[in-house]
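Here's the structure, in structure tokens; my notes come after.
The values are calculated or read from the model by the stated rules, or taken from the named source; none is laboratory data. Because the structure is predicted, anything quoted here is derived from the model rather than measured. Virtual Cβ from ideal backbone geometry, glycine too; neighbours counted across all protein chains shown. Areas reflect the complete protein model, heavy atoms only, side chains present, ligands, DNA and RNA absent. Shrake-Rupley method; radii C 1.70, N 1.55, O 1.52, S 1.80 Å.
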Amino acid sequence: MTEIPEESQAAALRAVAEAGARRAELLEEADRVLTEEIRPRAIEAARLGAGRNRIRELAGVGPSTLYRWLEAAGLPVRPKRRGAA
């Protein structure tokens, strides 16, 4: 029996949908780990005097994210520098 193109397309689309659903699950889990595990530990490390660059490296976050967390936690954060003219 010969497979018609629509059947092949439907199978390919099902595979895409399954991969997309798996990606969504992983992103949701990654967001949970970031907010529930990494964020509080990064804030605690900063409170204890750990270097902020080292915290960022180990947490895998950018400076804007880390400084936003620290500011929200009431830790001192210097104002952003203006770009060079």
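For the stretch 1-47, the calculated P(r) over all alpha carbon pairs, in 10 Å bins from 0 to the bin holding the longest distance, is 23, 24, 19, 15, 11, 6, 1 percent. Computing P(r) over Cα pairs in 5 Å bins from 0, in percent for the structure here picks out one of [x] 3, 12, 16, 14, 10, 8, 8, 6, 6, 5, 5, 3, 2, 1, 0; [y] 3, 11, 9, 10, 10, 8, 9, 9, 11, 9, 5, 3, 2, 1, 0, 0; [z] 2, 13, 21, 19, 15, 11, 8, 5, 3, 1, 0, 0, namely [x]. How much of the accessible area of the chain, in percent, comes from carbon and sulfur atoms when a 1.4 Å probe is used? Result for the chain: 54 percent of the exposed heavy-atom area is carbon or sulfur. Listed peptides 46-55, 17-26 appear in the order 46-55, 17-26 once ranked by packing, highest mean of other Cβ atoms within 10 Å at the front. Entry note, the chain: relative contact order of 19 percent, from Cα contacts under 8 Å with a spacing of 6+ residues.
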